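The values are calculated or read from the model by the stated rules, or taken from the named source; none is laboratory data. Here the structure is a predicted model, which is why all the values come from computation and not from measurement. Neighbour counts run over all protein chains shown; Cβ positions are idealised from the backbone, glycine included. Ligands, DNA and RNA are stripped out before the accessible areas are found, and what is left, the full protein with its side chains, is counted by its heavy atoms. Shrake-Rupley method; radii C 1.70, N 1.55, O 1.52, S 1.80 Å.
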Amino acid sequence: MNRQAQGVVLLLLGGAVLKASFTDMYLRYVKESLQPFLIASGLLLVVAAVMTLFYDLRRRPVAATGGDDAGDDHGHAHHEPRVGWLLILPVLGLLLVAPPALGSYAAGQAGTALSSQQVSDYPPLPDGDPVRTSVLDYASRALFDKGVSIGDRRVQLTGFIVDNPGGEPLLARMILSCCAADGRPIKVGMDGNPPAGLAPDTWVEVTGRYSDRVGTDPVNRAEIPYLTVESWRQVEAPKQQYE
């Protein structure tokens with residue numbers, strides 16, 4: 001690629017990063033705490049692109065008077081392969097068609113991430129009826145605390161539907177350590193009055209109580225806790241889709 005092509009690619013890439021960073025789009029790929037680093041990276045790419053284009057255009061008059069870049073010994077100008085411009089396509093794809101957050105497909109291909117958790121003491125649930133808690137918190141308490149810290153309290157979880165080869169659909173939420181590349185699912189089985197007739201990736205809010213039933217993840221054979229659902233409703237995907 002020539003320097004102009006390099007500058008254009010850098011400019012588009014930096015613009016794509018900044019566009020994602022100043023909207024909720026970046027939350028599909030990284031944790032919220034990484035937003036400042038994304039903005040800084042996008043700005044550096046844009047500055048590098050502007051400087052590349054500026055110095056290349058400044059050299060043009062020198063090349064036109066017979067400088068080193070004017071051409072070869074026979075007076076013919078050098079031309080880089082035009083195929084290099086194809087590097088712009090993935091950048092345009094990020095600008096025009098933003099990939100969604102990890103969902104049911106990724107959850108179905110990976111085993112539940114609770115298999116590596118250790119038993120520990122859990123603080124009492126906060127006040128409220130029902131208690132709003134995360135899928136990770138409920139699954140950890142139900143599996144490793146045997147529901148002792150939950151008792152007979154009603155809890156409310158929000159997640160997306162994942163097909164379950166064993167029958168009832170699963171409720172899942174993806175957790176991140178850094179970015180979507182290391183995303184892992186937390187899965188909770190549902191009995192009682194589980195959501196029915198919903199497509200995978202549909203977001204729901206379920207209310208129910210602790211169940212001592214335990215299932216098995218077909219992917220990694222890890223245990224999956226259950227929730228006895230009393231009621232549920234379909235909801236919009238939250239702004240922060242990862243836990």
Under the rule of -39500 (n - 2.57) per DSSP H run of 4 or more residues, summed and divided by the residues of the chain, what mean residue ellipticity at 222 nm is obtained, to the nearest 500 deg cm²/dmol?
-10000 deg cm²/dmol
Inter-site label distance for K31 and R58 at 7 Å from Cα along Cβ, in nm:
4.1 nm
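Give, in nm to one decimal, the length gained when the segment between D121 and I175 is fully stretched (0.36 nm per residue of separation minus the Cα-Cα distance).
Values: separation 54, 0.36 × 54 = 19.44 nm, distance 2.12 nm.
Full extension from D121 to I175 adds 17.3 nm.
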Give me the angle, in degrees from 0 to 90, between the Cα long axis of helix 35-64 and the longest principal axis of the Cα atoms of the chain, rounded to the nearest 10.
10 degrees
What translational D, rounded to a whole number of µm²/s, comes out for the stretch 168-220 from Stokes-Einstein when the hydrodynamic radius is the Kirkwood one over Cα pairs, at 20 °C and 1.002 mPa s?
165 µm²/s
Calculate how large, on average over all directions, the projected area of the Cα convex hull of the chain is; give the answer in nm² to one decimal.
17.5 nm²
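Report in % the part of the accessible area of the chain that belongs to carbon and sulfur, leaving out ligands and nucleic acids; probe 1.4 Å. Walk me through the numbers before you get to the answer.
Values: 7820 of 13650 Å².
The nonpolar share, carbon plus sulfur, comes to 57 percent.
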Taking N as its residue count, the alpha carbon Rg of the stretch 108-243 over 2.2 N^0.38 Å:
0.96
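Can you pick out the pairs among K19/K187; K31/K239; K146/K239 whose Cα atoms lie more than 21 Å from each other? Each step should come with its number before you reach the end.
Values: K19/K187 32 Å; K31/K239 12 Å; K146/K239 31 Å.
K19/K187; K146/K239, as the Cα separations exceed 21 Å there.
Please give the direction-averaged projected area of the C-alpha convex hull for the stretch 7-53, in square nanometres with one decimal. It would help to have the intermediate numbers written out before the result.
Working: hull surface 11.1 nm².
Approximately 2.8 nm², given one-decimal rounding.
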About the Cα centre, and with charges only on the beta carbon of Lys, Arg (+1) and Asp, Glu (-1), how big is the dipole of the chain? Nearest 20 debye, please.
300 debye
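Take the Cβ-Cβ distance between N220 and L44 as r, set R0 to 45 Å, and report the resulting FRET efficiency rounded to the nearest 0.05. Could the numbers behind the result be given before it?
Values: r = 40 Å, r/R0 = 0.88.
With R0 = 45 Å, the Cβ-Cβ based efficiency is 0.70.
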GNM flexibility winner over the chain from P90, P169, P195 (Cα, springs under 10 Å):
P90
Counting other Cβ atoms within 10 Å, keep those with at most 12, restrict to DSSP loop, and tell me which trypsin sites (Lys or Arg not before Pro) in the stretch 191-243 are left.
R221, K239
Measure off 7 Å from each Cα along the Cα-to-Cβ vector at S134 and T23, then give the distance between these two points in nanometres to one decimal.
2.6 nm
The stretch 153-237: GluC sites (Glu not before Pro) in DSSP coil with no more than 13 other Cβ atoms inside 10 Å
E236
Taking square-rooted eigenvalues a ≥ b ≥ c of the alpha carbon gyration tensor, is the stretch 118-168 rounded, prolate or oblate, where a/c under 1.5 means rounded and, failing that, a/b exceeding b/c means prolate?
oblate
Could you tell me how many degrees, from 0 to 90 and to the nearest 10, lie between the Cα long axis of helix 3-21 and the main elongation axis, the longest principal axis, of the Cα atoms of the chain?
20 degrees
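Given a 1.4 Å probe, how much area per residue of the chain is accessible, in Å²?
Working: 13650 Å² over 243 residues.
Result: 56 Å² of accessible area for each residue.
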A chain fully extended from L86 to Q109 at 0.36 nm per residue, minus the present Cα-Cα distance, gains in nm 5.1 nm
